[in-house]
Amino acid sequence: MIRPELVAPAGTLEKAEAAFIYGADAVYLGGTEFSLRAYAGNFTSQQLAEVLLMARARGKKVYVAVNFLAHNADIGRLAAYLEYLDTLGVDGIIVSDLGVMELASRYAPGIPVTISTQASVANYVTARVYQDMGAKRIVLARELTLQEIAEIRDRVTVELEVFVHGAMCVAYSGRCLLSSFMTGRSGNRGECAHPCRYQYRLVEEKRPGEYFPIEEDDRGTYILNSRDLCLVEHIPELVKAGVNAFKIEGRMKSAHYVATTSRVYREAIQAAVEGRSGDLAAWRAELGKVGTRPYTTGFLLGPPQEGQDVYKDFKPSREAFCGIVRKYDPERRMALVEQRAPFGREDVVEFLRPEKPGFSMKVEILYDLELEPVERARHAQQLVWLPVPEPLDYFTILRRLPGAVGGGSR
Ligand code: SF4
């Protein structure tokens, strides 16, 4: 059985590295222009070249999102940008607009085209049209059942990609004017302000200024707020259905999120391909260590029964992402850690490792770069030496565990 590709989000170079090290086969990202995530820390030309070098060194792929709705004024710049992507030799361009697809075939003829989920491909006829137009892959609409995905698979040869994890829209995958209407920022041009997550109130038109709560309980209600997608337990059925690639949402999320989700889904895909059941409870526990809304299986099993998070029950991560190992010194038996959140003496930290089981330990002492003892790593990106009981790989992630917070101010 062919192992489907795992495609992870990369809002920055560091997140791309996290994805590659923790098991993703490919990343998707946006350039500083024409991506559908205007606030995701998009890549400059220099960074695009760097991430490609990083990918090539590890045998991984880079897909560049150009999946916005183009207006006339965009066309001239777009042609130059597509030529540039062609010169760089990226592994794919993700588009949703037919005109952009046509321009890609003209100005980036060497680069395979992926049809974005933003195009809402929800049936095999539409999939065949894109296939006949030369698309290499289609990211299907998120609003499909397993049965529909399998039927599309049976009727087309184009590669199919399916979202398996992350935030959802209340509209058909981003085809939504809520943000444009309420904030002037267009979701279709990468500027969504996520007003579907806001809290809404009821107003009677003759009583302006009187806001009646719409309450299910004292936390109110968030009627448009979708739960987050999590299909980890359905990976075997999706592999069996012939899906070629699985995608994780979240270009604006942290390197910790990218590493954790990539690692879990890599294991789940591997287990499915080998016909093993895998440790679902452990995978769910691991996914729970990054902040999330309550999960849903979306439309995979039919119309969502519990699709909305009306209580705004966002569960922040209880484990704080507090550092990344940059190197290990075998003589001193210490790891050089780059700080991401304050941690120090008396804290219990857990190590998330790319390919080995994690472990936890209590921090007894830290040292600065002059090897003077320090109580805590307090500053963003501060480098500290941490004595550890066994060698740690580059990019091992440190999580500070809850309930065991050490002394000193945060
Ligand atoms: S407002 Fe919500 S539903 Fe609309 S595009 Fe943004 S995230 Fe999606």
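Once segment 155-171 is narrowed to residues that are in contact with a helix residue (DSSP H, G or I) (Cβ under 9 Å, 6 or more places away or on another chain) and of a type outside the set (A, V, I, L, M, F, W, C), the residue that is nearest to the ligand (Cβ to nearest atom) is GLY166.
Please determine, by comparing only the residues of segment 172-185 that are under 17 Å from SER120 (Cβ atoms) and not in a helix (DSSP H, G or I), which one is nearest to the ligand (Cβ to nearest atom). Selected residue: CYS176. What about ARG263, is it among the charged types (D, E, K, R), in a loop (DSSP other than H, G, I, E, B), within 13 Å of the chain's Cα centre (by Cα) and surrounded by 22 or more Cβ atoms within 10 Å (Cβ to Cβ)? When the stated conditions are applied, ARG263 does not pass them.
Scanning segment 117-128 for residues that are surrounded by fewer than 24 Cβ atoms within 10 Å (Cβ to Cβ) and of a type in the set (Ser, Thr, Tyr) gives SER120, TYR124, THR126.
Identify all residues within segment 252-272 that are farther than 14 Å from ALA24 by Cα and either of a type in the set (D, E, K, R) or touching a residue at least 40 places away in the same chain (Cβ under 8 Å) (or both); write none if there are none. Selection gives MET252, LYS253, SER254.
With respect to being crowded, with 19+ Cβ neighbours inside 10 Å and outside the structural domain of ALA26 (by TED's automatic domain parsing), CYS230 falls outside the description.
Considering the conditions (1) over 30 Å from GLN270 (Cβ atoms); (2) surrounded by fewer than 16 Cβ atoms within 10 Å (Cβ to Cβ); (3) charged (D, E, K, R), LYS240 is excluded by exactly one of them, (1). Take the residues in segment 282-330 that are crowded, with 18+ Cβ neighbours inside 10 Å and among the acidic types (Asp, Glu); name whichever of them is nearest to VAL232 (Cα to Cα). Looking at the filtered set, the residue picked out is GLU286. Taken over segment 361-381, residues that are surrounded by 13 or more Cβ atoms within 10 Å (Cβ to Cβ) and either hydroxyl-bearing (Ser, Thr, Tyr) or closer than 22 Å to VAL258 by Cα (or both) amount to 1.
Could you tell me whether GLN131 is within 16 Å of the ligand (Cβ to nearest atom), in a helix (DSSP H, G or I) and crowded, with 18+ Cβ neighbours inside 10 Å? Spelling it out, it is not the case that GLN131 is within 16 Å of the ligand (Cβ to nearest atom), in a helix (DSSP H, G or I) and crowded, with 18+ Cβ neighbours inside 10 Å.
Residues of segment 266-281 that are under 21 Å from PHE395 (Cβ atoms) and surrounded by fewer than 19 Cβ atoms within 10 Å (Cβ to Cβ): GLN270 alone.
What do you reckon, is ILE235 of a type in the set (A, V, I, L, M, F, W, C), in a loop (DSSP other than H, G, I, E, B) and more than 9 Å from the ligand (Cβ to nearest atom)? Here the answer is no, as ILE235 does not meet what is asked.
The residue list ARG219, ARG197, ARG201 contains one member that is modelled with pLDDT under 90, within 13 Å of the ligand (Cβ to nearest atom) and of a type in the set (D, E, K, R), which is ARG197. Number of residues in segment 161-175 that are closer than 23 Å to VAL66 by Cβ and either in contact with a Lys or Arg (Cβ under 6 Å, 6 or more places away or on another chain) or surrounded by fewer than 19 Cβ atoms within 10 Å (Cβ to Cβ) (or both) equals 7.
The values are calculated or read from the model by the stated rules, or taken from the named source; none is laboratory data. This structure is a prediction, so every number in the text was calculated from the model and none was measured. A quick note on method: Cβ atoms are made from the backbone with ideal geometry, for glycine too, and the neighbour counts reach across all protein chains shown.
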